[in-house]
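Trainee: Got a structure here, written out as structure tokens. Questions coming.
The values are calculated or read from the model by the stated rules, or taken from the named source; none is laboratory data. For clarity, every value in this text was computed on a predicted model and none was experimentally measured. With ideal geometry, Cβ positions are generated from the backbone for all residues, glycine too; neighbour counts draw on all protein chains shown.
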Amino acid sequence: MKWKNVYKTPVNPNETETENQLISINRCATVVKGGRRFSFSALVAVGNKGGTVGIGFGKANEVPPAVEKAEINARKDLYRISIKGDTIPHRITGRFRASKVVMIPAAPGTGIIAGTAVKSVLSLAGIKDILTKAYGSTNPVNLVKATMDGLLRLKSLEEVEKLRGVKLG
């Protein structure tokens, strides 16, 4: 997936050992002369629990091929994100269409306070302590893409210092 305003470069999928998690499956029906014809779409997140995560979406006439396509697409779009310990470096809001996900760093031991779609992406990214709140559309596809938008816009202190050319303390 092409993310606008993304400064992160994709990660080579062969260099890391990853885990995948199925987030949602949707069934679509097309009405034809003989009745209904069903097709399926799958949303999968892939990550190494060490700062690398990606999402993929696949469609097929059966569920297993849709999941396989989604996993292949997710492995193509792996990105490295900025993590500070077990949480994120700063508060960020990710947006995609009608969904908005606010992510707030949390103290150690808090856990991942999020809905199921957002939680799976954050856990595969390696984040253990975070607070989130979803606004607008609660469609899992939109929420996951909004979460990825926020994660990809995170910057560590070193990245900000390098970008601005000044020493921050």
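Trainee: All but one of (1) within 30 Å of F40 (Cα to Cα); (2) surrounded by 15 or more Cβ atoms within 10 Å (Cβ to Cβ) hold for T116; state the number of the condition that does not hold.
Mentor: Here T116 meets the rest and fails (2).
Trainee: Right, here's the next one. All but one of (1) surrounded by fewer than 21 Cβ atoms within 10 Å (Cβ to Cβ); (2) not in a helix (DSSP H, G or I) hold for P64; which doesn't?
Mentor: It fails just one condition, (2).
Trainee: Additional query: So I83 ticks every box in (1) modelled with pLDDT under 95; (2) more than 22 Å from V44 (Cβ to Cβ) but one. Which box is left unticked?
Mentor: Of (1) modelled with pLDDT under 95; (2) more than 22 Å from V44 (Cβ to Cβ), only one is false for I83: (2).
Trainee: Among the residues of region 20-52 satisfying the criterion of being of a type in the set (G, A, S) and assigned to a strand (DSSP E or B), which is surrounded by the fewest Cβ atoms within 10 Å (Cβ to Cβ)?
Mentor: G35
Trainee: With the checklist (1) crowded, with 19+ Cβ neighbours inside 10 Å; (2) outside the structural domain of S41 (by TED's automatic domain parsing) in hand, flag the one item I55 doesn't pass.
Mentor: Unmet for I55, out of (1) crowded, with 19+ Cβ neighbours inside 10 Å; (2) outside the structural domain of S41 (by TED's automatic domain parsing): (2).
Trainee: Still on this structure: Within region 81-169, which helices (runs of 4 or more DSSP H) (wholly inside it) include 2 or more residues that are more than 13 Å from the chain's Cα centre (by Cα) and of a type in the set (K, R)?
Mentor: Correct list: 157-164.
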